[in-house]
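Computed from the coordinates by the stated procedures, all read-outs in this text should not be read as laboratory data. These numbers come from a predicted model, not from an experiment. Positions of Cβ are generated from backbone atoms using ideal geometry, with glycine treated the same way; all protein chains shown enter the neighbour counts.
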């Protein structure tokens, strides 16, 4: 849907309007983020404050807020404009912050990742999602422990690292839509990549991220059901479920990493553990 913006002042009788298509708006948003204006740099400093982290970390991880979290901390982060109460509970307050916050937390990581985009693009211009997942799996097995130990938001570290990896590939070519909120139990991502041969000229790739934590059952079945609902909402028949195993006392990462394809409600889902 295109959006209209008044290019004259609100009291100007000429009321000139400019039609902005969604790609123009998204590109403007990307320029704003990359420019890192003063208020965005101030935001990055705020994210390091313990009382801000205590509220934002479970939202980014899709978990519930700790029961002993002071009400004042929640109100403080609301007053900063970082979160708001939505129909499904607390969530990041606006689309720009949904993009800025995870990128601010992984800025250095994203810039330093040894990821090349060109081998991941097929001759017809499509993003080769299977190859991207295989490359990420190899990266994760080799480097996960190093990067996980250095993430300030430890409960959301695995998800943030994957989003940084994905952004490194997509940056400048496509867009990532992110959905997360308190108590959702997952993060939903939708990559939109320009592709002339795809419906509407856009390749869409739906990804769901979940974490298997100590004392909880295998989240596979729940994740498949949640991703199936997400695919139904997007009108897609394929998607990817990534399960991060953060349980203590498990086997080394290379022995736990695996991928498979499953059928769920007539949809083909790639599962990467």
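Tabulated data for the structure shown
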{"item": "Global form of the stretch 38-272, assessed from the alpha-carbon gyration tensor, a/c cut-off 1.5", "result": "rounded"}
{"item": "Proxy reagent accessibility, fewest Cβ within 10 Å first, across 255, 49", "result": "255, 49"}
{"item": "Rel. contact order, % - alpha carbon contacts under 8 angstrom, at least six apart, the stretch 38-272", "result": "18 percent"}
{"item": "Centre separation in Å (Cα based) which lies between the stretch 161-199 and the stretch 43-88", "result": "23 Å"}
{"item": "Likely footprinting exposure, 127, 227, fewest C-beta neighbours within 10 Å first", "result": "127, 227"}
{"item": "Taking 261, 91 and counting other C-beta atoms within 10 Å, the order from fewest to most", "result": "261, 91"}
{"item": "Residue 253 paired with residue 237, simple spin-label distance in nm, labels 7 Å along Cα-to-beta-carbon", "result": "3.6 nm"}
